[in-house]
1. Please identify the chymotrypsin sites (Phe, Trp or Tyr not before Pro) of the range 100-141 that satisfy two criteria: DSSP loop assignment and at most 10 other Cβ atoms within 10 Å. Which are they?
2. Mind putting a number on the dipole of the chain about its Cα centre? Charges go on the C-beta only, +1 for Lys and Arg and -1 for Asp and Glu, and I need it in Debye to the nearest 20.
3. Taking only Cα atoms, what is the 0 to 90° angle, nearest 10, from helix 105-114's long axis to the longest principal axis of the chain?
4. Let me check I've understood the local charge: for L187, count other residues with C-beta under 15 angstrom from its C-beta, Lys and Arg +1, Asp and Glu -1. What total comes out?
5. Could you go through the range 36-41 in sequence order and give the Karplus-derived ³J(HN,Hα) for each residue, using 6.51 cos²θ - 1.76 cosθ + 1.60 with θ = phi - 60°, rounded to whole Hz, and x for Gly and Pro?
6. Within the chain, what's the longest stretch lacking trypsin sites (Lys or Arg not before Pro) that sit in DSSP loops with no more than 14 other Cβ atoms inside 10 Å?
7. Based on the Cβ-Cβ distance of V110 and I156, what FRET efficiency does E = 1/(1 + (r/R0)^6) give at R0 = 30 Å, to the nearest 0.05?
8. Starting from a Cα-only point model with no solvent, please compute log10 I(q)/I(0) by Debye for the chain at q = 0.08, 0.19 1/Å.
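Since every read-out is calculated from the coordinates, none of them should be taken as a lab result. Keep in mind that this is a model prediction, so the values were computed, not measured. Cβ placement follows ideal geometry from the backbone for every residue including glycine, while neighbour counts extend to all protein chains displayed.
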Amino acid sequence: MLPALPRKYHAASIWLLYAAGFVPAAYGFWLGATGRLPGNPVKEFEHLLGLWALRFLVATLAITPLRDLLGINWIRYRRALGLLAFWYVLMHFLTYMVLDQYLNFSAILVDIVRRPFITIGMGAFVMLIPLALTSNNWSIRRLGPRWVKLHKLVYIIAAAGALHFAMSVKVVGLEPWTYIALVAVLLAYRPIRPMLRGRKRRPPEPALRESERSA
Ligand code: HEM
């Protein structure tokens, strides 16, 4: 079991996570702007942002099994991880629109309609928007049980993100397979979770946990 972080550091650790979370984007941008990204710098930057978006999605999904199975309670970081995923998808999308397609809206529209991997990515991005907009205590309280239902969209988003990655590459190598496997395991855990929880006789979870209230 990991030593517990004193409560007084919880808020600071969440802000630290936000700050650290944006480092890959800032570093990638700096490398690109100073001509240090190999090959096509725009594509490299776009890929870096897409990969980090997927990593943050996977990390968001891993919070619950980590707590259930290993007793590591990082639930206070789940909202920050989910929002980081959203910001990375947004930056990935903006890089595609502005630096890759030079805001050629008709070409972008054709891509979204005709290229299935972009259709899927776009679908995932659109689904992420209501989740990001309702990632605040006010929405959680207002929506009540509907909030929990709405946020189950993250399962579809993560699956779509991994699929989008696999479909974006010519040869599906180890990296896309790794993300597909991680997402598959994390999603497969959800339906078996009630059985495991039943064995441990845990109380049902509220949408807003005590540990998240200060976040
Ligand atoms: C949840 C949403 C999304 C996730 C997780 C995601 C993730 C990724 C990942 C991991 C890659 C591959 C990176 C690599 O090859 O190393 C990628 C590529 C790409 N994505 Fe996304 N993406 C998302 C949404 C979008 C959206 C909304 C668009 C644009 C409408 C988009 C356009 C692209 C493009 C154009 C590529 C690169 C294809 C190429 O190599 O030419 N993605 N994305």
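1. Y102
2. 1220 debye
3. Tilt of helix 105-114: around 60 degrees.
4. Around L187, the charge tally is +2.
5. 9, 8, x, x, 8, x
6. On the way: sites that count: R36, K152, K170, R201, R209.
The segment 37-151 is the longest one with no such site.
7. On the way: r = 25 Å, r/R0 = 0.82.
Efficiency for this residue pair is about 0.75.
8. -0.32, -1.54
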